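To start, the structure under review is shown below, and the notes come after it.
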Amino acid sequence: MAVERTLSIIKPDAVAKNVIGEIVSRFEKADLKIVAMQMKQLSKQDAEGFYAEHKERPFFADLVAFMTSGPVVVQVLEGENAIALNRELMGTTNPKEAAEGTIRRDFAESIDANAVHGSDSASSAEREIAYFFGA
Ligand code: IDP
């Protein structure tokens, strides 16, 4: 398996709940290394650009409002199979359907406030890492 990098965001709901450390600890216990990390208040423009692929979806305005409602923690995770591994640790988009022991099952309330973001493919990871951290 290849060593990959993926972009993770701890979303405003999880930051507000004081579980940054618990979430980061799950990444570390799964052998993902935090190779970059930044706490950031996203602007409307930051959030709209990041989620541009969803701009025609009915939930886009709510998603942008939520992502700018408080600080987030943006990280680059590195490790074997990091993209799929992070998605596995996160659980499904809707926390009510997420498997036991996943981050979303344990820390998220709803499909809008679902604790974490993780790149879903190698091409998204590349674009998303560059979006926040440059080359
Ligand atoms: P993902 O975060 O699990 O990759 P995506 O389909 O890429 O899910 O959607 C991005 C984000 O948009 C989700 O994490 C969630 O916060 C929000 N979202 C997705 N689908 C819905 C929906 O049907 N209603 C409200 N928010 C949604």
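The values are calculated or read from the model by the stated rules, or taken from the named source; none is laboratory data. These numbers come from a predicted model, not from an experiment. Every residue, glycine as well, gets a Cβ built from its backbone with ideal geometry; the counts of neighbours run over all protein chains shown. Only protein heavy atoms, including side chains, enter the accessible area calculation; ligands, DNA and RNA are left aside. Shrake-Rupley method; radii C 1.70, N 1.55, O 1.52, S 1.80 Å.
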Report summary line: Given chymotrypsin sites (Phe, Trp or Tyr not before Pro), DSSP loops and at most 16 other Cβ atoms within 10 Å, the longest exposed-site-free stretch of the chain is 60-135
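How would Ser119, Ser69 line up by accessible area, probe 1.4 Å, largest first?
Ser69, Ser119
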Query raised in the report: Carbon and sulfur together cover what percent of the accessible area of the chain at a 1.4 Å probe radius?
Result: 50 percent
Query - Expected-Rg normalisation [2.2 N^0.38 Å, Cα atoms] applied to the chain - result: 0.97
Report task. Skip the ligands, DNA and RNA, and give the accessible area per residue of the chain with a 1.4 Å probe, whole Å². Result -> 53 Å²
Query raised in the report: Tell me, what is the 1.4 Å probe accessible area of Thr92, in Å² to the nearest 10?
Result: 60 Å²
Query raised in the report: Using only the Cα atoms of the range 1-76, what do you get for the radius of gyration and for Dmax, in Å?
Result: 13.7, 38
Report summary line: From DSSP H assignment alone, runs of 4+ in the chain each adding -39500 (n - 2.57), the sum over residues rounded to the nearest 500 puts [θ] at 222 nm at -11000 deg cm²/dmol
**Report entry** About the Cα centre, charge dipole magnitude for the chain (Lys/Arg +1, Asp/Glu -1 at Cβ), debye
**Finding:** 240 debye
Query - the range 100-135: GluC sites (Glu not before Pro) in DSSP coil with no more than 16 other Cβ atoms inside 10 Å - result: Glu100, Glu109
